[in-house]
Amino acid sequence: MASQSSPTRPTPRIIMYYQTTHDPDGNLISTLPLITQPGISLTHLIVAAIHINEDPDGLTLNDHSPSDPRYTTMWAELRIAQASDIKVLGMLGGAAKGSFTRLDQDQRTFEKYYAALSSLIQERDLDGLDLDVEEDMSLAGIVRLIDRLRADFGSSFLITLAPVAAALLDPRRNLSGFDYEALEVMRGPQIAWYNAQFYCGWGDAGDPAMYQLCVARGWPAEKVVVGLVTTPENGPGWVPLDVLAETLRRLRALFPAFGGVMGWEYFNGLPGGKARPWEWARDMTGLLRGEAVEGVEGVGGKGAKSAEIDPDVETGPSLLVPQSFEYYSDGLGEGDD
């Protein structure tokens, strides 16, 4: 079973994307260590990436049908994760374009392409869907998709989005086409949180400043998750663990409702790399709990340095940001995800 956090101050979300499911020889990269290894409190696992293709019945998970025999063991392991209190979501879209373009057309075309996606969610009993829109889509189109998912799968179904972090501060700096502030105003209660990409030049997790700007602008801290690359191999913007430890320490102190962290992606995350990829989730668990983490000074543990917040953070001049917008929160609290 996944370990549980203190009821007085729950560990923020620890989310892992799982796209590279097999090694070059076709062997499954098992997620079971995320459950069985000690010191890990993973909350959500997002299997990626679901693609809607030109053939409405040709839905794929990466390069194969989701029902391909290569995925049989993977789906079984994800059921075990769900039984261990880890929510399992699917990720739609990503860098491969086309899925959202096909859903952003007239109603008849939408229905044609939505059907296979809906069937997959039902067949695999997914707990939610992460909408990673990295192509132009209209605001009306994303609202229609959110409304349909909510209507079809109920109030407990998790709907998340994965904007680049810059899109939360400037609607012109995003990959999705629509304005995320406008979407939050229109459908905030239906969106559980945002897996904001603080990497690849769209954000910086090397210090708390950009996250603070997001909150100052009006984004609720409980809905903004700091997205990280788990290794430099997965893209620019990797933050060394000792630097990240300080960022997370300060964010946890400044924002008790801090939304958590997500990692892209599982199979090669540091420090364990391909041999022990679960160690990234273990280290995030330790950092967010304030426990001792190997190679990091000043984070929990006997003999660790005092973890006081830099007094300049709270007493210094306020950050200058554009006027905040009116947002809605889904009221995430104890027992919610």
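The values are calculated or read from the model by the stated rules, or taken from the named source; none is laboratory data. Please read these numbers as outputs of a predicted model, since none were measured by experiment. Cβ sites come from the backbone with ideal geometry, for glycine too, and all protein chains shown count toward neighbours.
Restricting attention to segment 151-172 and to residues that are surrounded by 14 or more Cβ atoms within 10 Å (Cβ to Cβ) and more than 19 Å from the chain's Cα centre (by Cα), the residue that is farthest from residue 97 (Cα to Cα) turns out to be 153.
Would you mind stating whether residue 175 is within 19 Å of residue 19 (Cβ to Cβ) and modelled with pLDDT under 95? Taking the combined requirement at face value, the residue satisfies it.
Yes/no matrix, rows are residues, columns are (1) in contact (Cβ under 8 Å) with a residue 40 or more places away in the chain; (2) closer than 20 Å to residue 252 by Cα; (3) out of contact with any Asp or Glu (no Cβ under 8 Å at 6 or more places or on another chain):
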{"position": "178", "(1), (2), (3)": "yes, no, yes"}
{"position": "182", "(1), (2), (3)": "yes, no, yes"}
{"position": "191", "(1), (2), (3)": "yes, no, no"}
{"position": "201", "(1), (2), (3)": "no, no, yes"}
{"position": "209", "(1), (2), (3)": "yes, yes, yes"}
{"position": "212", "(1), (2), (3)": "yes, yes, yes"}
{"position": "215", "(1), (2), (3)": "yes, yes, yes"}
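The set of residues from segment 102-122 being part of a helix (DSSP H, G or I) and in contact with a helix residue (DSSP H, G or I) (Cβ under 9 Å, 6 or more places away or on another chain) comprises 102, 103, 107, 109, 110, 112, 113, 114, 117, 118, 121, 122. Within segment 63-80, residues that are in a helix (DSSP H, G or I) have Cβ atoms under 6 Å from residues that are at pLDDT 95 or above and of a type in the set (Val, Ile, Thr) in these pairs: 74/21; 77/31; 78/88, counting only partners at least 6 apart in sequence or on another chain. So which of 50, 142 ends up being closer than 23 Å to residue 32 by Cα and surrounded by 21 or more Cβ atoms within 10 Å (Cβ to Cβ)? So the residue among 50, 142 that is closer than 23 Å to residue 32 by Cα and surrounded by 21 or more Cβ atoms within 10 Å (Cβ to Cβ) is 50.
Residues are listed down the side, and each one gets a yes or a no for (1) aromatic (Phe, Trp, Tyr); (2) surrounded by fewer than 20 Cβ atoms within 10 Å (Cβ to Cβ):
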residue	(1), (2)
16	no, no
23	no, yes
42	no, no
58	no, yes
75	yes, yes
84	no, yes
103	no, no
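Would you confirm, using the coordinates I've provided, whether residue 90 is at pLDDT below 95 and within 28 Å of residue 41 (Cβ to Cβ)? The answer is no for residue 90. A residue that is among the aliphatic types (A, V, I, L, M), buried (at least 22 other Cβ atoms within 10 Å of the Cβ) and within 30 Å of residue 32 (Cβ to Cβ) cannot be found anywhere in segment 269-279. If you filter segment 1-29 down to residues that are closer than 23 Å to residue 285 by Cα and among the small types (Gly, Ala, Ser), you find that the one that is modelled with the highest pLDDT is 2.
To keep it simple, each residue is scored yes or no on (1) in a strand (DSSP E or B); (2) under 20 Å from residue 52 (Cα atoms); (3) of a type in the set (A, V, I, L, M).
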position: 125; (1), (2), (3): no, yes, no
position: 129; (1), (2), (3): yes, yes, yes
position: 136; (1), (2), (3): no, yes, no
position: 140; (1), (2), (3): no, yes, yes
position: 143; (1), (2), (3): no, yes, yes
position: 150; (1), (2), (3): no, yes, no
position: 160; (1), (2), (3): yes, yes, no
position: 166; (1), (2), (3): no, no, yes
position: 172; (1), (2), (3): no, no, no
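Taken across segment 30-39, residues that are touching a strand residue (DSSP E or B) at 6+ places or on another chain (Cβ under 7 Å) and in a loop (DSSP other than H, G, I, E, B) do occur, with at least one present.
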